[in-house]
Structure formats: C-alpha cells, structure tokens
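To start, the structure under review is shown below, and the notes come after it.
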Amino acid sequence: MFTMNLLAFFVLAVQIYSVTPVIHTLNYFMTASQVAKLPEYWEAAYVDGVQILHFDSNHRKAKAKQDWVDKITEDDPHFWERETAGSIQNQQVFKFNIEVAKKRFNQTGGVHMLQRMGGCEWNDETGEVDGWEHHSYDGEDFISFELKTMSWIAAHPQAFITKLKWDQDDGYNQYKTNYRTEVCPFWLKKHVSNGRDFLTRTELPRVSLLQKTPSSPITCHATGFYPRTSDLFWRKDGEQIHEDVEMGETLPNHDGTFQTTADLKVELTPAAEGRYECVFKLDGVREEMVTKLYAKSILSNARIQEEDRKKAVAIAVPLVVLALVAVAVAVGVFLAKRPKSQQAIYAPASSTSSSEKD
C-alpha cells in the first residue's frame, strides 16, 4: 500500500510541475518509512524529471544517479559531503516527526510513512523562479507551504497545530522562502548547465500494442522517450477519439527516459482492423509515430506462448536432423577405420558373397 502511495506522490508532483521547453525543475523527495524491508529513510532528487541523486539510511551516502551530475564537484569539491551530512540530519528530523504525527492521530502502533516533496522551477528565458513544499502522512496530504504569502496551508485537521506554530515563526518562513527562490534555483541552474546535453536531447520511444487476454483493452505502450513532454492518443478513421480510451500516467524509467500508455476498449473485428491507430507525438519532433491496429501486430500472452512454441519446434527439428546426421557420420567413420575382416560383418550380403568368391 505504501509503495503505491509513494509512486502516486511522485506522479502527482510531476503532473503539477511538469516541464516545458523553457522551464526547468528541481524536486527533492524525502521519505521516512516504518515498512519492513524498506530503508528507514531515503531521498531522491530530480532535475526535469530525471533522477540525479539518491540517499538511503542503509548506505548513508548521497550518490549521483547520472555521470554528468558529478561535474558539480569541479566548482564545489565538498558538494557530496554536504549532501550526505544534510541527508543524515534530515533522517533524524523525519524520525522524530513521524512519532509526532502518530501522536496527533492517536496512533500507538502500526506501520506509517511520512513524506516531503520540495523544489523549485526556473524559466531560462524570463529568469522567473518559483518554489513549493508539500508534506504528506500515510499517503495523504498533510500541510503545504505557500510561497507568495509565506504561510502554511493545513490539508488535514491534525495539521492545524503545526500550521499555527510555523506561521508564527517568521525566521523559519523567511528561510523557506529564501531557499525556494534563491538557493534551490542556484543549484538547479548548476545542474542544468552541467547536464544540458543530456537534458536537451531527443529520444524516440519504442511503441508496442499489448493485450493480456482477447477480452482485455488494447494498450498502446510507448517507452524510452525523452523529453517527458509528449502526447499519446488513439485515432479512428483519422480522427482523435476520447470515448473508450483511458490514458495512463507518464512515468520515469531507470535510464532517465519515460514511458506512458493509452488503453483502447474495442472489439477488433476484421472490419475494424486498420481503422484504429495509436499516435505518439514528442515535443520538439514534427513527425508523428503512427502504429496501425491489426490483430497480428498485438502482443498478447496467448500469442507470445504460441510464438515461443513455434520457435521451440523450429529449433528442435533442425537439431534432431543434425543429431541424426552426426550419428550417421560417426557410424561411417567408425566403419571406415575397422579392419577389413570386421567390416565384412556390416557389409551387404551381395558384397560379402563377392569378397568370398575372391
């Protein structure tokens, strides 16, 4: 349950603060967890939706997730030391706060999770900056910082005590404001400069049509594309359709690219084949990627199993033939090397009679 909440938390953040061609974002995700087999605390940082940093309480060391991120140490040799020290300090704060939250909700046991997402954006054409900070508890919104008013918004009744306390701390709110409008954009610009070639590249996706069972929706799956800003949709007879179409989330891949899906509920009769097509459009690329819908182009469990069976048969038959040929050759070689007196035993009757006459 908590893993899904964390994923939804990240997806929501990406949706709200999605990047455009001129707006860059830096987001930090911090999580304290009491879930077994998960680290007690971990952090992840993303620039334009690409993960650049990771820290967890098991390894207790902040690490770069992209090679170009390490360029930052050229101007700041102690960058990773400070990141690690800050993460260790955050771990203690989160550990304390999760216990405070449990008391607010009158919880004495159970498994709980506390999360914070904070970041900033920078428009590299206008120079404008903005920032945000959101807290959640057990997957639900708890409290958020409003940058313009330098005040806190309680999203849950149990958060009002925290709101009143933080609203009265002018020094704390000024620090939050300065960090979101000055410190965070400073580091964002550094990362964007160091990773510009990586962050401004264009990668087209692999597009596949998938179906679990013959009665399941047909999924158009695009994966491996970059940048994130893209559009995936279905068309019928050349016109975009919305009815019977369910759009999936755009999610990050481990290699810094993205993936997304669009499900189509349709009965694929022979008359319907070729009338539907899945269309993928990537920001900055003029051409569309169009995948026509035909039964033979759909990858399904049944089809994959049938293709695997055919491949197995196709491989097995030549192997059997080769095995028989190998046996025949081996027998021939064996006979050729035997003494003539022994070869007669294996010779045809006519040959034996002829040799006896001689």
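Going through segment 23-67, which trypsin sites (Lys or Arg not before Pro) have at most 16 other Cβ atoms within 10 Å and a DSSP loop state? Taking segment 23-67 and a limit of 16 other Cβ atoms within 10 Å, the loop trypsin sites (Lys or Arg not before Pro) found are Lys37, Arg60, Lys61, Lys65. Its Kirkwood hydrodynamic radius, worked out from the mean inverse distance over all distinct Cα pairs, puts segment 206-293 at 13.4 Å.
Take every Cα pair under 8 Å in segment 220-259 that's 6+ residues apart, average their separations, divide by the length, and report that relative contact order as a whole percent. Spell out each step's value before the answer.
Numbers: 34 pairs, mean separation 21.6, N = 40.
Once normalised by length, the contact order is 54 percent.
Shape of segment 35-91 from the C-alpha gyration tensor: oblate (a/c of 1.5 or more and a/b not above b/c, with a ≥ b ≥ c the square roots of its eigenvalues). Note: relative contact order over segment 177-298, using C-alpha pairs below 8 Å and six or more positions apart, is 24 percent.
Taking the inverse of the mean reciprocal distance over all distinct Cα pairs, the Kirkwood hydrodynamic radius of segment 98-254 comes to 20.0 Å. What does the charge count around Arg180 come to, taking other residues whose C-beta lies under 15 Å from its C-beta (Lys +1, Arg +1, Asp -1, Glu -1)? Around Arg180, the surrounding residues sum to -2.
Looking at this model, which pairs from Lys61/Lys190; Lys148/Lys281; Lys65/Lys165; Lys103/Lys176 are more than 29 angstrom apart at the alpha-carbon? Walk me through the intermediate numbers first.
Working: Lys61/Lys190 21 Å; Lys148/Lys281 36 Å; Lys65/Lys165 37 Å; Lys103/Lys176 26 Å.
Table pairs above 29 Å Cα-Cα are Lys148/Lys281; Lys65/Lys165.
Taking Lys and Arg as +1 and Asp and Glu as -1, the other residues whose beta-carbon sits under 15 Å from that of Ser87 total +2. Once the Kirkwood radius over Cα pairs is known for segment 2-199, the Stokes-Einstein relation at 25 °C and 0.890 mPa s delivers a diffusion coefficient of 139 µm²/s.
According to the Cα gyration tensor, what semi-axes, each the square root of 5 times an eigenvalue, does the equivalent ellipsoid of segment 121-194 have, listed from largest to smallest in whole Å? Write down the numbers at each step before the final one.
Values: eigenvalues 146, 40, 18 Å².
Value: 27, 14, 9 Å, ordered largest first.
Of the GluC sites (Glu not before Pro) in segment 111-197, the ones in a loop by DSSP (not H, G, I, E or B) with at most 13 other beta carbons within 10 Å are Glu125, Glu128.
How charged is the neighbourhood of Glu239? Take every other residue with its Cβ under 12 Å from the Cβ of Glu239, and add Lys/Arg as +1 and Asp/Glu as -1.
On the way: positive: Arg235, Lys236, Arg275; negative: Asp237, Glu243, Glu277.
Charge balance near Glu239 sits at 0.
Only the coordinates and a few stated rules stand behind these numbers; no lab work does. It should be emphasised that the depicted structure is a prediction, and the values quoted were computed from it without experimental measurement. Because the Cβ atoms are built from the backbone with ideal geometry, glycine has one as well, and the counts that use them run over all protein chains shown.
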